[in-house]
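Everything below concerns the one structure shown next.
The values are calculated or read from the model by the stated rules, or taken from the named source; none is laboratory data. Not measured: the values here are computed from a predicted model. All Cβ positions, even for glycine, are placed from backbone atoms using ideal geometry, and neighbour counts span all protein chains on display. Protein only, heavy atoms only, side chains kept; ligands, DNA and RNA dropped before computing areas. Shrake-Rupley method; radii C 1.70, N 1.55, O 1.52, S 1.80 Å.
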Amino acid sequence: MSKPAIRVAVTGAAGQIGYALLFRIASGEMLGKDQPVILQLLEIPDEKAQKALKGVMMELDDCAFPLLQSMSAHSDPLEAFKDVEVALLVGSRPRGPGMERKDLLTINAQIFTAQGKALNQVANRQVKVLVVGNPANTNAYIAMKSAPDLPAKNFTAMLRLDHNRALSQLATKMAKPVAEIQKLAVWGNHSPTMYPDYRFATIGGQSVPAIINDETWNRETFLPTVGKRGAAIIEARGLSSAASAANAAIDHIHDWVLGTNGKWVTMGIPSDGTYGIPEGIMYGVPVTCEGGEYHRVTGLEIDAYSRERMDLTLKELLEERDGVADLLK
Ligand code: NAD
Ligand code: LMR
C-alpha cells in the first residue's frame, strides 16, 4: 500500500528556480521514490504570473508522474500553506536597477511577514520551512518571528548551494571525487560574507587541509570564489543561478527529512547561542540530520582567523535584523 501523500508548498512557482524544482519534487527526488506528494503552488495574483503557473502545471500533468497525487495553484498564502508539511519559500522580489540592499530587505520583509503569519495559521504544526528567496537568512528570520505558534527550529535558510559550491571547488583543487569529501562547513549568511571552512574536512579519511596545504589559496582564491559564485553566475548567464539553486533546495529538504547518515551538511538555522552566535540569528552551521531532525555539529575549535570571519558575517546578519526590526513589532 502506498504511503499517505505529503503536502508541499512552493512559492514563486512560476519563476526560474520553480521551473527547475517542481519536476524533481514530483518525480520523488526530494522526499523519496516511494513518497506521493501534493503540490500547493503560490504565485503573485498578477495575471501573467498565474497564467505562467498554469503552463508549468500543464507540463507537470504531461509528465504523468506516478508520485504526483494532485496539485493546485494559489495567489493567497492562507490557501497555499493549508496543512503543508514542507514549505519551500522561493518567491521574492529580485533587486531592480537603482535599488539598495535595504530597499530589497524592506520589500521582502513584507512578503515574508505575511507568509510567516499564514504558515502560523494554517500549516501542519511540524512543517519544515526552507527559505530560498534572498536575502535568505533574514527572510527566514522574519518568517520565523512571524510564526510564534510554530517551533522556531522548523524555519531554515538555504546555504546548501554554498556548501555544494565549496565541495566542488575543493574536489577540483585536489583532483579527487566530490562524493568522498566529508566534514565541510559554511558559516553565516548566504552572501559574499559567508565563511566556507574546510579545516575539518576529510577525503578518503585523509585531512583536506593537509592535502591542499596552501593557506594563500584558501584565503585569496577559495573563499572569494565560493563567496562571489552567485554574482559570477549572473555575469555569465545573464540570470541568477536556478538549476543549481533548485538542486540545493532538493538536497536540503531530502537530507532534513531522510537523514544524512552521519554526513555533515550546511543549513541556516536559528542559533541556540553555540559558537558565540546570538540566539535566534539565522546562521549557516554544519549539521547532521536523523529522524527528521537536524543536529548542529558542536565542539569545533574556532581559531582566530575563523572567529574573525564568523564575526564578519554575523555583523552583516545583525545589521539586516536591525534593518527589519520595525516591521516585526
Ligand atoms: P524569478 O524572478 O525567476 O522567480 C521568482 C518568482 O517569485 C516570480 O515568478 C514571482 O512572480 C514570484 N513571487 C514574487 N513575490 C512572490 C510572493 N509574494 N509570493 C509568491 N510568489 C512570488 O527568481 P528565481 O531565479 O526563481 O529566484 C527566486 C529567489 O531565489 C530570488 O530571491 C533569488 O535571489 C533567490 N536565490 C537564492 C539562492 C540561495 O542560495 N539561497 C540561490 C539562487 C537564487
Ligand atoms: C546565488 O547565490 O546564486 C543567488 O543567491 C543569486 C545571487 O543574487 O547571488
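Here is the list for region 241-323: GluC sites (Glu not before Pro) lying in DSSP coil, each with at most 10 other C-beta atoms within 10 angstrom of its C-beta, are 279, 301.
Less than 5 angstrom separates the built amide H of residue 283 from those of 269, 271, all sequence-distant by 5 or more or on a different chain.
Of the residues 289, 63, the one with the largest accessible area comes first in the ranking 63, 289, computed with a 1.4 Å probe on protein heavy atoms. Among 288, 172, 202, the residue with the largest mean-square fluctuation in a Gaussian network model of the chain, with springs joining Cα atoms closer than 10 Å, is 172.
Membrane-span-like helices in the chain (whole DSSP H runs, Cα extent of at least 20 Å along the helix axis, mean Kyte-Doolittle hydropathy of at least 0.0): 243-258. Straight-distance candidates among the aspartates and glutamates for linking to residue 102, with alpha-carbon spacing under 16 Å and chain neighbours fewer than 8 residues away dropped: 316, 319, 320, 322, 326. Taking the square roots of five times each eigenvalue of the Cα gyration tensor of region 6-157, the equivalent ellipsoid has semi-axes of 24, 19, 13 Å, listed largest first. The amide H of residue 123, built 1.01 Å from its N in the peptide plane, has 83 as neighbours under 5 Å, considering only residues 5 or more places off or on other chains. Here the chain yields Rg over Rh of 0.96, to two decimals, using C-alpha coordinates and the Kirkwood radius.
Using a probe of 1.4 Å on the protein chains alone, the accessible area found for residue 217 is around 30 Å².
Note on region 159-324: the C-alpha convex hull projects to 10.1 nm² when averaged across all orientations. A Gaussian network model of the chain, with springs between Cα atoms under 10 Å, assigns the largest mean-square fluctuation among 117, 173, 128 to 173. Within the listed set 230, 15, 291, the Gaussian network model of the chain (springs between alpha-carbon atoms below 10 Å) gives the highest mean-square fluctuation for 291.
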